[in-house]
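In what follows, a structure is listed as structure tokens, so that the remarks can point back to it.
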Amino acid sequence: MEPRSIGGSDVPGFEELLATARYSACHLEMRDAYGVGDESDDFERWERTGERDVDPRSAYWAPWVDLIRRTRARDIRMRRARIVSEPVTPYIKYEHAGTAVNALAGESVRWLPRRRASDIALPGNDFWLFDRAMVLFNHYAGDGSWSGPQWEVRTEPAVVQLAASAFETVWERGVPHEKYTV
């Protein structure tokens, strides 16, 4: 099967994929910095002031919090795992400072130091895994900005199994957010 990129008429978007999940959505993040536009203002403010927007009702967080709460209300298990280099980058400190909002919304989050991931077979890109049946790979440029096409959806059993195995191994080794310090 050829990769299918979002934007094609037959490929659903992220929210649609999440809405069709039956029992789980897992997200694996492997970059030490992201540069996506929707968070750039908040990140720049945090770098200048050390203050992070952690108000789940703010314009920045409310859409995500609402989406996750609706998803959790359907009894969908939401997990996020992050592989990070240590000492962590400023961006990871920023992410860590806001992760309490992810948890409040209903996500479980774990952190895995990269040195503990050397023997894990990992896909080449961050991804979302839905119901152990479909993978949405995220594509980023070297600077952490979206790279076109931004993502692709894959359903081949070998690809899904690689993502599922990688996520579960990272999850098992990961440190729960409330115990991980940066």
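Any read-out appearing in this document is the output of simple, stated calculations on the displayed coordinates, not a laboratory observation. All of these numbers come straight from a predicted model, not from anything done at the bench. Here the Cβ positions follow ideal geometry from the backbone for every residue, glycine too, while neighbour counts run over all protein chains shown.
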TODO: State the dimensionless ratio Rg/Rh of segment 84-174 (Rg: radius of gyration of Cα atoms; Rh: Kirkwood radius).
DONE: 0.96
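Taking the Cβ-Cβ separation of residue 24 and residue 93 as r and a Förster radius of 35 Å, what is the calculated FRET efficiency to the nearest 0.05? Don't jump to the answer; show the numbers that get you there.
On the way: r = 29 Å, r/R0 = 0.82.
The value I calculate is 0.75.
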Open item on the list: Assuming 0.36 nm per residue, please report the length gained on full extension of the stretch residue 132 to residue 40 beyond their Cα-Cα distance.
Closed with: 30.0 nm
TODO: Could you please report the charge total around residue 23, scoring K, R as +1 and D, E as -1 over all other residues with beta-carbon less than 14 angstrom from its beta-carbon?
DONE: +4
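Only sites in a loop by DSSP and with at most 12 other Cβ atoms within 10 Å count here; which trypsin sites (Lys or Arg not before Pro) in segment 47-140 make the cut?
Details: sites: 48, 52, 57, 69, 70, 72, 74, 77, 79, 80, 82, 93, 110, 114, 115, 116, 132; in loops: 52, 57, 74, 132.
Those satisfying the criteria are 57, 74.
Ignoring everything except DSSP H segments at least 4 long, calculate the 222 nm mean residue ellipticity for the chain; use -39,500 (n - 2.57) per segment, divide by total residues, nearest 500. Kindly include the intermediate steps, with their values, before the conclusion.
Values: 5 runs with 65 residues, N = 182.
Counting only the DSSP helices, I get -11500 deg cm²/dmol.
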Task: Label corresponding to Rg and Dmax of the Cα atoms in Å when calculated from the structure given, among [x] 26.9, 115; [y] 15.9, 48; [z] 17.9, 61 - done: [y]
TODO: List, in order, the whole-Hz ³J(HN,Hα) value for each residue of segment 113-120 obtained from phi through the Karplus relation with A = 6.51, B = -1.76, C = 1.60 and θ = phi - 60°; use x for Gly and Pro.
DONE: x, 4, 4, 8, 10, 4, 9, 9
